[in-house]
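So the structure is just underneath, and the comments pick up after that.
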Amino acid sequence: MGRPDIHFTWDKLLVKAFIEEFFFRFLLLEALLRIIPRRMKLGPISLANVFVSSCFCVMHMFTQSFFWAAMTFFPSLLFGFAWERYKSIFSVTLIHFSYNFFLFYSIFK
């Protein structure tokens, strides 16, 4: 399993979270929500969110081990759920940043 491969200061974690949320939630998830009917859900999670979270996971495979990349899928579902509910780039960025900050600086310090 090992540790995730991270070398970020907290301010870079915030910028990274914003960039990822802007692309994956604001652009990609919003586009898919216009194409895929909202009634297509797995419980409270939209099919569009599952697809975007899968893409988010695959994107992390370029920089992380398979295990850590795969582990991004579940938090990504939460980020997508928050996006669909609040439609706020600030909110999802803050949630994403908080998750990364806690993971990287509390568990792996």
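Quick note: the coordinates plus some simple rules give every number you see, no bench work behind them. This structure is a prediction, so every number in the text was calculated from the model and none was measured.
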Response to the item:
Asserting the computed 222 nm helical MRE of the chain (DSSP H runs at least 4 long, -39500 (n - 2.57) per run, divided by residue count, to nearest 500) equals -18000 deg cm²/dmol
Worksheet item: What number, in percent, do you get for the relative contact order of the chain if the mean sequence gap of Cα pairs under 8 Å and at least 6 apart is divided by its residue count?
Response: 35 percent
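What is the mean projected area of the alpha carbon convex hull for the chain, to one decimal in square nanometres? Please list the in-between numbers first.
Working: hull surface 26.6 nm².
Its Cα hull, projected and averaged over all orientations, spans 6.7 nm².
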